[in-house]
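Read-outs throughout are calculated quantities, based only on the coordinates presented, and are distinct from any laboratory measurement. All values reported here derive from a predicted model rather than from experimental measurement. Heads up, the Cβs are rebuilt from the backbone with ideal geometry, glycines too, and the neighbour counts pull from every protein chain shown.
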Amino acid sequence: MNKEAQVQKMTDMMAKFVGYTGKKLPDDVIAKLEELRAKETDALPKVIYDTMFRNQELAVKLDRPSCQDTGVLQFWLKCGTGFPLINELEGLLKEAVIKATKETPLRHNSVETFDEYNTGKNVGKGTPTVWWDIVPNWDGCEIYTYMAGGGCTLPGNATVLMPGEGYEGVTKFVLDRMTSYGLNACPPLLVGVGVATSVETAALLSKKALMRPIGSHSENERAAKMEKLLEDGINAIGIGPQGMGGKYTVMGVNIENTARHPSAIGVAVNVGCWSHRRGHIVFDKDLNYTITSHSGCVL
Amino acid sequence: MVEYRDGKKILVTPISAEDLKDVHIGDILYLSGSLTTCRDVAHRRVVEEGREIPVDVRNNAILHAGPIIRPLENDKFEMVSVGPTTSMRMEKFEYEFVKTTGVRVIVGKGGMKENTANACKDFGCIHCVIPAGNAVVAAVCVEEIERAEWRDLGMPETLWNCRVKEFGPLIVSIDAEGRNYFEEKKIEYNKRKDEQVELISKQVGFIK
Ligand code: SF4
């Protein structure tokens, strides 16, 4: 296959995959929602979960996006230096979004800032957002796709704490956000927390944390302990599905961390809503793909 | 009118103040009849510019939403996807809006505040939420789009007058007595949050 045909092939596959993720939730999210649904006993959370599951069924049956807000597209790449399409990757992802917007269809969610007009194609300056991790001596490429909806993007926040505020301050920062903004972000939420030095390092980590599967734990023992403490703590607040009360409020809390400057603790929080439309696909150098997020998905 | 079917309580338009007497925050309802999408600019037009709303919503329902619509032939339309948008954005206008239009049921996402609660109390109206993120469930409850007014506002803001069948579930967040579900819940949540912050803080003293 020549370069042009390869680019076309990967564009088509990514457009299809993006569209697919707008209609069907990833396996880990469905499993977690099923688990939480079974644990609720009151009428309100039960009727809300029933609606959610009927909606996901209908979305697949009628081939429509499950939530009307199909978000702004974000891609996290781990690209090998030897991946044949490394140079074309960013351009072809943009093309794939334009194609998916038409074919799925996706809502037009890209407004140019300052000029303040909707491009009508879901792409614009810097959108879709693409974050790169370069992997030396590899010829494959791993891609996380994410639809960042408006409602679940709103609770995002970052700050820099004085070391004296400690992890106690981190706790308060995260929990405050849950009762102020979290309840309107379509819980049960997946909560991502970044702990680092400055706002941007923490913020990036907090979003990256949302790409981790539900039920995974930080490798750091204390961070893993804090994930569990925050998860149980937020659940105990009783916000429940749609913020209307229930036993469980989160699908999980994922913390990502780096070392920090001794005088600062950068902390950020990001949330994914119950409709956590994350996809994960890995390509080899011949564009054979493996999808780990959605079993049964064929492009 | 109020109907009961398969254990569901269904409000059928036209709805009277009397019909809402027995409706309380936290109740689960469904709606059949006339439901019109109505959001930011339409509220502004009615309240700030004093324009008459071209769809009669008196004793009917509105939905804070910007849907995805597919145009069909002969000026007909199909509802592809519709989900509620944050009701709070309309809070500022809602008292005057309810007073002027006589709307009985407001459907949206998340809570609203005193302005709306006062309108509900003074004019006999309720605010409900439909669980968000369920665009397909909501769309299939729309039997027909009967009219489209103020089309100059574009697809999301047009007043799409729909005939719906058992649209829901709707959860009552403000009732006609002015009680506010989210505001009451928030007090509980904040109290429990403070307890949890204290509890967790005792276990994360990693800086020694
Ligand atoms: S928060 Fe998520 S589920 Fe709720 S409306 Fe936004 S994108 Fe949809």
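For B:Ser16, B:Ser201, the sequence from fewest to most other C-beta atoms within 10 Å is B:Ser16, B:Ser201. Principal semi-axes of the equivalent ellipsoid, √(5λ) from the alpha carbon gyration tensor of segment A:35-93, are 39, 15, 10 Å from largest down. Here the 3J(HN,Hα) profile of segment A:56-71, calculated from phi with Karplus coefficients 6.51, -1.76 and 1.60 at θ = phi - 60°, is 5, 5, 5, 4, 5, 4, 8, 6, 10, x, 6, 10, 5, 8, 8, x Hz, Gly and Pro shown as x.
Comparing B:Glu146, B:Glu177, B:Glu49 in a Gaussian network model of chain B where C-alpha atoms under 10 Å apart are linked, the largest mean-square fluctuation is found at B:Glu49. Which lysines, on any chain, are close to B:Lys21 with Cα under 24 Å apart, when same-chain ones fewer than 8 places away are left out? Partners found: B:Lys8, B:Lys9, B:Lys99, B:Lys109, B:Lys113, B:Lys121, B:Lys165, B:Lys185.
Residue exposure proxy: A:Trp131, B:Trp150, A:Trp274, ordered by other Cβ atoms within 10 angstrom of their Cβ from fewest to most, comes out as A:Trp131, B:Trp150, A:Trp274. As I understand it, the value is the acute angle between the Cα axis of helix A:3-23 and the longest principal axis of the Cα atoms of chain A; what does it come to in degrees, rounded to 10? On a 0 to 90 degree scale, this one is about 30. Specify which residue in the list A:Asn2, A:Ala96, A:Val47 is farthest towards the positive end of the charge dipole of segment A:1-100, using unit charges on the beta carbon of Lys, Arg (+1) and Asp, Glu (-1), about the Cα centre. So the residue furthest toward the plus end is A:Asn2. Between amide H atoms placed 1.01 Å from N, distances below 5 Å from A:Met251 occur with A:Leu189, A:Leu190, A:Val191, all of them 5 or more places distant or on a separate chain. Counting only other chain Cβ atoms within 10 Å of each residue's Cβ, the peptide A:227-235 averages 3.
Seen against the Cα atoms of chain A and their longest principal axis, helix A:199-208 is set at about 70 degrees. Ellipsoid semi-axes for chain B, based on the Cα gyration tensor and the rule √(5λ), read 32, 20, 18 Å when sorted largest first. Between the helical axis of A:221-237 and the dominant principal axis of chain A, each derived from Cα atoms, what acute angle in degrees is found, rounded to the nearest 10? Tilt of helix A:221-237: around 70 degrees.
Over segment A:151-272, the pair-distance histogram of Cα-Cα distances with 10 Å bins from zero comes to 16, 50, 30, 4, 0 percent, rounded to whole numbers.
Across chain A, the mean sequence separation of Cα contacts (distance under 8 Å, 6 or more residues apart), normalised by length, yields a relative contact order of 24 percent. Write down the percent of antiparallel bridges among all DSSP beta bridges whose residues are both part of the protein assembly as shown, to the nearest 5. Bridges in the protein assembly as shown are about 65 percent antiparallel. Restricting the calculation to Cα atoms, chain A yields a radius of gyration followed by a Dmax of 19.4, 59 Å. For chain A, a Gaussian network of Cα nodes joined below 10 Å ranks A:Leu161, A:Leu92, A:Leu62 by mean-square fluctuation, and the top entry is A:Leu62. Projected onto planes of every orientation and averaged, the convex hull of the alpha-carbon atoms in segment B:54-173 covers 6.9 nm². Scaled to the globular estimate 2.2 N^0.38 Å, the Cα spread of segment B:88-145, given as radius of gyration, is 1.24.
Between segment A:245-299 and segment B:178-205, the C-alpha centres lie 27 angstrom from each other. On the principal axes of its alpha-carbon atoms, segment B:123-162 has extents of 32, 28, 18 Å, going from largest to smallest.
Sorting A:Cys79, A:Cys186 on the 10 Å Cβ count, fewest up front, what's the list? By the 10 Å Cβ count, ascending: A:Cys79, A:Cys186. DSSP assigns beta bridges within chain A; of those with both partners inside it, close to 70 percent run antiparallel. Taken over segment A:1-148, the percentage of Cα pairs per 5 Å bin, counting from 0 up to the bin with the maximum distance, is 2, 9, 16, 17, 16, 14, 11, 8, 5, 2, 1, 0. Grouping the Cα pair distances of the protein assembly as shown into 10 Å bins from zero gives a pair-distance distribution of 4, 19, 28, 26, 17, 6, 1, 0 percent in increasing distance order. Mean separation of Cα pairs under 8 Å and 6 or more residues apart, divided by the residue count, gives segment B:57-208 a relative contact order of 23 percent. What the phi angles of segment A:127-142 give under the Karplus curve with 6.51, -1.76 and 1.60, with θ = phi - 60°, is a coupling list of 10, x, 7, 10, 10, 9, 10, 8, 10, x, 6, 9, 10, x, 8, 10 Hz, glycine and proline written as x.
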